[in-house]
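The values are calculated or read from the model by the stated rules, or taken from the named source; none is laboratory data. Quick caveat: nothing in here was measured; it's all calculated off a predicted structure. Positions of Cβ are backbone-derived with ideal geometry, glycine not excepted, and every protein chain shown enters the neighbour counts.
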Amino acid sequence: EVRAKIPTGGGSWPAIWMYPTDRWRYSGGCDAKVGDPKPGKCVSWPNSGEIDIMEHVGNGLGTVHGTVHNKAYYWVNGKQRKGAVIIDNIGEGFYTYAMNWTPDRIDIFVDDTLYFTYIREEDADWRAWPFDHPFHVILNLAIGGSWGRAAGGIDDRKFPQRLEIDYVRAYEFTGKRGRK
């Protein structure tokens, strides 16, 4: 979980997301060994997965997005798996963005409100469930980009911008009540 106050200016694109520690785990189109890819020949994204715990686009004020990307389900093939929640006055305070990740399910929350669930299908292989290996957390504030610029471009009057982080916490669920 991450407690953060996010910027809201047009063109801002803050994100709290997770990316595979071994991004080549399910890479395709290459003969390279894991960790030794041949640039331009291997496809690691979305094959090895991505989990977006929170994305907010400044020109879509108040809408927080949670998304998973993988080979079977992502925006390029028109089968994206995602959820969204609207938070009034989002840039005025801190909110807690969290994810619970088990071997068969990913749940994404804001302030304890569940707004996206992705469940591993019974017959899912790596294409639909590449979430079986370590990922790391990334906190970033992008300006512009394909999504950040959409629906209004970059509003230079809103700068400087800042993504403020109160804390980042990771828990291991023990299978019993609570976490450690």
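Out of everything in the range 29-58 that is outside any loop (DSSP other than H, G, I, E, B) and over 16 Å from the mean Cα position of the chain (by Cα), what residue ends up being modelled with the highest pLDDT?
In this case the residue turns out to be Gly58.
Might you let me know whether the range 71-84 holds any residue that is among the aromatic types (Phe, Trp, Tyr), farther than 19 Å from Trp13 by Cβ and touching a Phe, Trp or Tyr at 6+ places or on another chain (Cβ under 8 Å)? Reasoning before the result, please.
Kept after step one, since they are among the aromatic types (Phe, Trp, Tyr), are these residues of the range 71-84: 73-75.
From what's left, farther than 19 Å from Trp13 by Cβ: 73.
Still in the running and touching a Phe, Trp or Tyr at 6+ places or on another chain (Cβ under 8 Å): none.
The answer is no, given that none of the residues of the range 71-84 is among the aromatic types (Phe, Trp, Tyr), farther than 19 Å from Trp13 by Cβ and touching a Phe, Trp or Tyr at 6+ places or on another chain (Cβ under 8 Å).
I'm trying to understand the selection: among the residues of the range 125-165, which are surrounded by 13 or more Cβ atoms within 10 Å (Cβ to Cβ) and without any contact (Cβ under 8 Å) to a residue 24 or more places away in the chain?
Selection gives nothing.
I'm trying to understand the selection: among the residues of the range 51-71, which are closer than 19 Å to Leu114 by Cα and of a type in the set (D, E, K, R)? Can you show your working first?
So in the range 51-71, the residues closer than 19 Å to Leu114 by Cα come out as 51-56, 62-69.
Of everything in the range 51-71, those that are closer than 19 Å to Leu114 by Cα and of a type in the set (D, E, K, R) turn out to be Asp52, Glu55.
Taking the stated definitions as given, is Val68 within 12 Å of the chain's Cα centre (by Cα) and at pLDDT 90 or above?
When the stated conditions are applied, Val68 passes them.
Could you list all residues from the range 136-147 that are farther than 16 Å from Tyr74 by Cβ and under 15 Å from the mean Cα position of the chain (by Cα)?
Across the range 136-147, the qualifying residues are His136, Val137, Ile138, Leu139, Asn140, Leu141, Ala142.
Which ones in the range 84-95 are part of a strand (DSSP E or B) and surrounded by fewer than 17 Cβ atoms within 10 Å (Cβ to Cβ)?
Within the range 84-95, Ala84, Ile86 qualify.
Checking the structure you have, find out if any residue of the range 102-113 is under 20 Å from Leu163 (Cβ atoms), at pLDDT 95 or above and of a type outside the set (A, V, I, L, M, F, W, C).
Yes: one or more hits.
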